[in-house]
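Below you'll find the structure, written out as structure tokens, and then a few comments.
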Protein chains: 2
Amino acid sequence: MGNSQKDEAPLADCPVTYALRLIGGKWQIPILWALCQNRVLRYQELKRKIAGITNMMLAQSLKELESNGLVTRIQYTEIPPRVEYSPTEAALRLLPALEELGKWGAEMKQRSLPVEGPQ
Amino acid sequence: MGNSQKDEAPLADCPVTYALRLIGGKWQIPILWALCQNRVLRYQELKRKIAGITNMMLAQSLKELESNGLVTRIQYTEIPPRVEYSPTEAALRLLPALEELGKWGAEMKQRSLPVEGPQ
DNA sequence: CAGCATCCCTTAAGATACTG
DNA sequence: CAGTATCTTAAGGGATGCTG
């Protein structure tokens, strides 16, 4: 990023911002949600549960989640190949926060205020 | 719940994703946090409290927050101009979720797993 | 003081095609 | 089956300078 190397430690230390760096991508939460509900899913099952995701995004997001300690990947060396994904303990501990956020989101949605971006 | 009806209703209906559309920008949370703590702040006060933000991003983020019903803007027509921002009720109701997220983020941070992106 | 306008750059995300 | 590689597009974010 073109960040100015000046002085500030702007939002680097905000834990919420940190959390969003882990799960703020477009697909991270849908993936984690599916995994937390099912505890273990194969790649294709996951893909089928998440409407609209492409292989690219699913594989890439899973990799990031794994790197960040939120998903465990187990590969069975058989033919045909089989890989299973599960949520880590850390991911499961995220659920209360997600539920709070979800409650709030649902509330906000109901008031049917349109979501506006910059014009 | 959450079984695929047909196919494409991807994440449009996920309340968490909806919430993140409202507050997922880089500066929304720092801004809301400052406002919720102080209840009312002028533009420059806000800017000073949020290290690293530019006029562009502050003004733009405030506008979006206002459009989405999370921030109230009151403009006093005097010279020099004075504008005050406050959190709406909806923004205040977000606090529990932010606190949960923050707790989790702090936990995650401590395990000092590096935050990885795509390579 | 409280902002907009403009231009630019980086990153996220998606389409498409191919492989062990 | 479970992914990669490559390319393209879209959006977010930022620097700088100007205005009511």
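It is to be established whether one or more residues within segment B:75-91 are out of contact with any helix residue (DSSP H, G or I) (no Cβ under 7 Å at 6 or more places or on another chain) and aromatic (Phe, Trp, Tyr).
Looking only at segment B:75-91, we keep the residues that are out of contact with any helix residue (DSSP H, G or I) (no Cβ under 7 Å at 6 or more places or on another chain), and these are B:75-82, B:84, B:88-89.
Filter once more, so that each one left must be aromatic (Phe, Trp, Tyr): B:76.
Within segment B:75-91 (the criterion being out of contact with any helix residue (DSSP H, G or I) (no Cβ under 7 Å at 6 or more places or on another chain) and aromatic (Phe, Trp, Tyr)), the answer is yes, since at least one residue qualifies.
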In segment A:52-71, which residues are within 11 Å of DNA strand C (Cβ to nearest atom), under 29 Å from B:LYS103 (Cα atoms) and buried (at least 20 other Cβ atoms within 10 Å of the Cβ)? A:SER61, A:GLU64
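Taking A:SER86 as the residue in question, decide whether it is more than 19 Å from B:LEU101 (Cα to Cα) and under 12 Å from the mean Cα position of the chain (by Cα). Walk me through it before giving the result.
Numbers: more than 19 Å from B:LEU101 (Cα to Cα): yes; under 12 Å from the mean Cα position of the chain (by Cα): no.
Considered against the rule, which asks whether it is more than 19 Å from B:LEU101 (Cα to Cα) and under 12 Å from the mean Cα position of the chain (by Cα), A:SER86 comes out as no.
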Anything in segment B:88-103 that is of a type outside the set (Asp, Glu) and part of a helix (DSSP H, G or I)? List them, or say none. B:ALA90, B:ALA91, B:LEU92, B:LEU95, B:PRO96, B:ALA97, B:LEU98, B:LEU101, B:GLY102, B:LYS103
Would you check if there is a residue in segment A:72-88 being within 15 Å of DNA strand C (Cβ to nearest atom) and among the hydroxyl-bearing types (Ser, Thr, Tyr)? yes
Scanning segment B:44-60 for residues that are touching a Pro at 6+ places or on another chain (Cβ under 9 Å) and either among the basic types (Lys, Arg) or assigned to a helix (DSSP H, G or I) (or both), the one farthest from DNA strand D (Cβ to nearest atom) turns out to be B:LYS49
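How many of the residues making up segment A:39-51 are within 11 Å of another protein chain (Cβ to nearest Cβ) and either open to solvent by 90 Å² or more (accessible area, probe 1.4 Å) or more than 14 Å from the chain's Cα centre (by Cα) (or both)?
So the first thing to find is which residues in segment A:39-51 are within 11 Å of another protein chain (Cβ to nearest Cβ), and the list is A:48-51.
Filter again for either open to solvent by 90 Å² or more (accessible area, probe 1.4 Å) or more than 14 Å from the chain's Cα centre (by Cα) (or both), leaving A:48-49, A:51.
Residues meeting the conditions: 3.
Residue check: is A:ARG93 modelled with pLDDT of 95 or more, within 10 Å of DNA strand D (Cβ to nearest atom) and basic (Lys, Arg)?
Answer is no for this residue.
So in segment B:81-99, with the set limited to residues that are within 12 Å of another protein chain (Cβ to nearest Cβ) and touching a residue at least 40 places away in the same chain (Cβ under 8 Å), which one is surrounded by the fewest Cβ atoms within 10 Å (Cβ to Cβ)?
Narrowing segment B:81-99 to residues within 12 Å of another protein chain (Cβ to nearest Cβ): B:88-99.
Applying the additional criterion that residues be touching a residue at least 40 places away in the same chain (Cβ under 8 Å) yields B:91-92, B:94-95, B:97-98.
Values: B:ALA91: 24, B:LEU92: 15, B:LEU94: 27, B:LEU95: 17, B:ALA97: 23, B:LEU98: 23.
If we take residues in segment B:81-99 being within 12 Å of another protein chain (Cβ to nearest Cβ) and touching a residue at least 40 places away in the same chain (Cβ under 8 Å), then B:LEU92 is surrounded by the fewest Cβ atoms within 10 Å (Cβ to Cβ).
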Given the residues B:GLN28, B:GLN37, which is the only one that is closer than 29 Å to A:GLN110 by Cβ, touching a helix residue (DSSP H, G or I) at 6+ places or on another chain (Cβ under 8 Å) and away from DNA strand C (no atom under 11 Å from the Cβ)? B:GLN28
Return yes or no: is A:GLU78 loosely packed, with under 15 Cβ neighbours inside 10 Å and over 20 Å from B:VAL16 (Cα atoms)? yes
Sole residue being within 8 Å of chain B (Cβ to nearest Cβ), at pLDDT 95 or above, at negative phi and buried (at least 19 other Cβ atoms within 10 Å of the Cβ), chosen from A:ILE23, A:ILE29: A:ILE29
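The values are calculated or read from the model by the stated rules, or taken from the named source; none is laboratory data. Just so we're clear, the structure is a prediction, and the values are computed from it rather than from any experiment. We place every Cβ from the backbone using ideal geometry, glycine too, and count neighbours over all the protein chains shown. The accessibility values were calculated without ligands, DNA or RNA, using every heavy atom of the protein model including side chains. Shrake-Rupley method; radii C 1.70, N 1.55, O 1.52, S 1.80 Å.
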